[in-house]
Amino acid sequence: MGLSSALNTALIGLGFNQRQLDVTAGNIANAGNVGYTRKSISASAAYDGNGRITGIDVDSMRRYLDVAVQGQYRTSLAENQYASVSQQYLSRVDTMFGTIGDAGSLSNSYNQFVASMSNLVSGPEDYSNRLEVLRMAEQLAGKLNAMSSDIQSMRQEVEYQISDQVDRVNELLGDIQKLDRQIVASSQDGTSPVGLMDQRDMMLEELSGYIDITVKPTEQGGVRIHMGGGTLLYDVDVMKLKFDARGSVNANALYSLNSNDRGVGTLVLENSEGSQIDLLSTRTLRSGSIAGLVNMRDEALVHAQSQLDELAASVARAFSTHEQQGTPYETGGVQTGYEVDLANLQPGDNLSFEYKDVATGRTKSVTIYRSDGPVPPALTGTNDSNDIFLAVDFSSGDYNTIAGNIQAALDGDPRIGAGVFSTSNPGGSTLRLESTAPASQRIEGLSAFETASGPSAYGDAFSLFVDDAGKPFTGISDGRPNVGGFASRIRVSADLLNDPSLLVQYAPDVASGDTTRPQSILDKLTSTSTAFSPGTRIGGASSVFKGSIADFVTASVSHQSGRAAQSKAALAGQEVVTANLKTRLDDSSKVDVDQELAQLVTLQNAYAANARVMQVVRELYDILMRS
């Protein structure tokens, strides 16, 4: 090797050593920085046409990173954020409902109210007992009002959070696009923009917390981002998320596929040409904090509100519902059915009867609601084979027509079968219900359950709790169910507050110590079986929960407690998975300072060796020049 060749080799070595030193020094300096990945460079010798080394080509700047683990971590992070949002809100709802027996809990408020009614039964003439019932009634109504307000405040809070997070997602997508273009341009120039890639990965990590994403590299060095369901989010052009947040959310503001009925914001994805996809109607969102927030707003918090509304409605009806028992009807000395007067049945009131299959002993219950509008009560949407709920239009006022409508409803339900019963109007407002084969299908009883208006003259019913403007609550208003949001509207009747004696004395000749009315109400509060809407999710998503009001309160508290515990356990498990994946990802990319320092010593030695070669070549040149 000639002196010129040796000198050239040393110079090339020094230059590459300096590049390696810079990379190693950068690794050490950034060892503690979040998102930084360990770097290294590789090179190969460049030769001229005669096979002599002319320099070094830096082949690439490498990042140490396990891409497979990185993808798993992003998926786990989205699931972790979903679980975190669920745990946060379900824990708040659980705290609001309280635990059985806790002071200030929903169950305690109800139990105190029932206890005051029990005291009234024991001493109906005691004025203090009457006042205590009214005080506990106002306390229960106030509790329901406050809890309803808190739930809707949470839904409003969620609405704003979704809006803020959507804005942040759009910002991240815009920033990722800018970095992606710089990375692609740098890659085409032959350089490896590893620093920009680190920045892009940090943005993708943040994005994966909001939305579940899948990231695929492109041949040009960029990335293509899909949502977990496969919907394209970014590929050169940025898709834009849009959310039409609502400024006022209440119990009746619900999500609907019909934009005219929708009372909350929806999330759409819009491309550069203006085409849109509704991500909520297509159920594209699967995990991430935005999906978690949507689930809280449209599912968990709505179910909690439904539980409060059903409780408020059942308590109000326990006081205001008067049972008018039907009169047995005979044909040829054989009882074939019953007759009942429909005159006082209001929209939302119902007829109820049971019938038995004599051969099998199987009994079915049929409830027929008066529903004059386009939307029937929620219970009519259930499909239980033994508890059948139907809706019939009474608005014609013609009782022959009403009897025909009831006949059509009974015949049209496959759980009953056509021709099993016969309905007619023998006169006035009377309905006659008969079994067409009483020897095999026997009607066990028929009753009309009517809403009593105001104090009433019934011993078993009066409107202690009322709706807005003091109106009796029936469950239907203006042709539509109005149970939704009733927990926020329930009030104690001003008539009873002004005259507590009405709690006991429902007629002029009733003695102050008469227990008829208080005992009847107490029985309905504690013993009477009530059907609760599947919308409460107590007992399942499509099944009817039946039990006393006390049973329902206990089940509601237990339901929320169970959901909170389940979400806490799910979050704890997901945090372990996410932390383990994060550790594996960090282990694949983190800087080992000891290793880098050892590399630094090696590079310094190589640098010194190249410098020594140059020094020797200089000394040889000096000798040659002097000789």
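The values are calculated or read from the model by the stated rules, or taken from the named source; none is laboratory data. Remember, it's a predicted structure, so these values are computed and weren't measured experimentally. Here the Cβ positions follow ideal geometry from the backbone for every residue, glycine too, while neighbour counts run over all protein chains shown. When the accessible area is computed, the model is the full protein with side chains, heavy atoms only, and any ligands, DNA or RNA have been set aside. Shrake-Rupley method; radii C 1.70, N 1.55, O 1.52, S 1.80 Å.
Details
- Test: residue in the stretch 142-150 that is in contact with a Phe, Trp or Tyr (Cβ under 9 Å, 6 or more places away or on another chain), among the hydrophobic types (A, V, I, L, M, F, W, C), assigned to a helix (DSSP H, G or I) and over 29 Å from D244 (Cβ atoms): yes
- Checking every residue in the stretch 401-414 against the condition of being at pLDDT below 95, open to solvent by 20 Å² or more (accessible area, probe 1.4 Å), under 39 Å from the mean Cα position of the chain (by Cα) and farther than 19 Å from T327 by Cα gives zero matches.
- Given (1) of a type in the set (K, R); (2) farther than 30 Å from S558 by Cα; (3) in contact (Cβ under 8 Å) with a residue 60 or more places away in the chain; (4) not in a strand (DSSP E or B), index of the condition R317 fails: (2)
- Among the residues making up the stretch 556-576, those that are of a type outside the set (S, T, Y) and surrounded by fewer than 17 Cβ atoms within 10 Å (Cβ to Cβ) are G562, A565, Q566, K568, A569, A572, G573, E575, V576.
- Per the conditions (1) under 30 Å from H322 (Cα atoms); (2) open to solvent by 30 Å² or more (accessible area, probe 1.4 Å); (3) assigned to a helix (DSSP H, G or I), the sole criterion not satisfied by I521 is (2).
- The single condition among (1) farther than 30 Å from A437 by Cβ; (2) open to solvent by 10 Å² or more (accessible area, probe 1.4 Å) that A316 does not meet is (2).
- Within the stretch 335-389, the set of residues being open to solvent by less than 30 Å² (accessible area, probe 1.4 Å), part of a loop (DSSP other than H, G, I, E, B) and under 29 Å from A457 (Cα atoms) comprises L342, L345, G348, D349, S371, P377.
- Pairs where the first residue, in the stretch 233-249, is closer than 16 Å to Q165 by Cα and open to solvent by 70 Å² or more (accessible area, probe 1.4 Å) and the second is assigned to a strand (DSSP E or B) and not β-branched (V, I, T), C-beta under 7 Å, 6+ apart: K240/E270; K242/E270
- Condition check for I183: of a type outside the set (K, R), open to solvent by less than 10 Å² (accessible area, probe 1.4 Å) and modelled with pLDDT under 90: yes
- A single entry from L581, L624, L597, L620 fulfils the requirement of being surrounded by 17 or more Cβ atoms within 10 Å (Cβ to Cβ) and out of contact with any Pro (no Cβ under 8 Å at 6 or more places or on another chain): L581.
- Residue check for N80: modelled with pLDDT of 70 or more, of a type outside the set (A, V, I, L, M, F, W, C), surrounded by fewer than 14 Cβ atoms within 10 Å (Cβ to Cβ) and under 30 Å from L204 (Cα atoms): no
- Scoring M296 on the criteria (1) closer than 30 Å to D150 by Cα; (2) touching a residue at least 12 places away in the same chain (Cβ under 8 Å); (3) open to solvent by 10 Å² or more (accessible area, probe 1.4 Å); (4) not basic (K, R) leaves a single failure, condition (3).
- Residue match in the stretch 197-220 (condition: more than 38 Å from the chain's Cα centre (by Cα), more than 18 Å from M239 (Cα to Cα), surrounded by 18 or more Cβ atoms within 10 Å (Cβ to Cβ) and in contact (Cβ under 8 Å) with a residue 24 or more places away in the chain): no
- Residue identified as farther than 19 Å from A115 by Cα and touching a helix residue (DSSP H, G or I) at 6+ places or on another chain (Cβ under 7 Å) among A550, A570: A570
- Search result, residues across the stretch 358-412 that are without any contact (Cβ under 8 Å) to a residue 24 or more places away in the chain, β-branched (V, I, T) and farther than 18 Å from T430 by Cβ: T360, T380
- Members of the stretch 285-323 that are under 30 Å from V166 (Cβ atoms) and polar (S, T, N, Q): S287, S289, N295, Q305, S306, Q307
- For the stretch 428-436, the criterion of being out of contact with any Ser or Thr (no Cβ under 6 Å at 6 or more places or on another chain), at pLDDT below 95 and open to solvent by 20 Å² or more (accessible area, probe 1.4 Å) is met by none of the residues.
- Here V133 passes the criteria (1) among the β-branched types (V, I, T); (2) within 29 Å of Q519 (Cα to Cα); (3) open to solvent by 10 Å² or more (accessible area, probe 1.4 Å) except the one numbered (3).
- Test: residue in the stretch 254-271 that is of a type in the set (A, V, I, L, M), within 16 Å of the chain's Cα centre (by Cα) and surrounded by fewer than 19 Cβ atoms within 10 Å (Cβ to Cβ): yes
- Test: residue in the stretch 97-110 that is touching a Pro at 6+ places or on another chain (Cβ under 9 Å), buried (at least 18 other Cβ atoms within 10 Å of the Cβ) and in a helix (DSSP H, G or I): no
- Of the strands (runs of 3 or more DSSP E) contained entirely in the stretch 179-259, those carrying at least 3 residues that are farther than 23 Å from V85 by Cα fall at 213-217, 223-227, 232-235.
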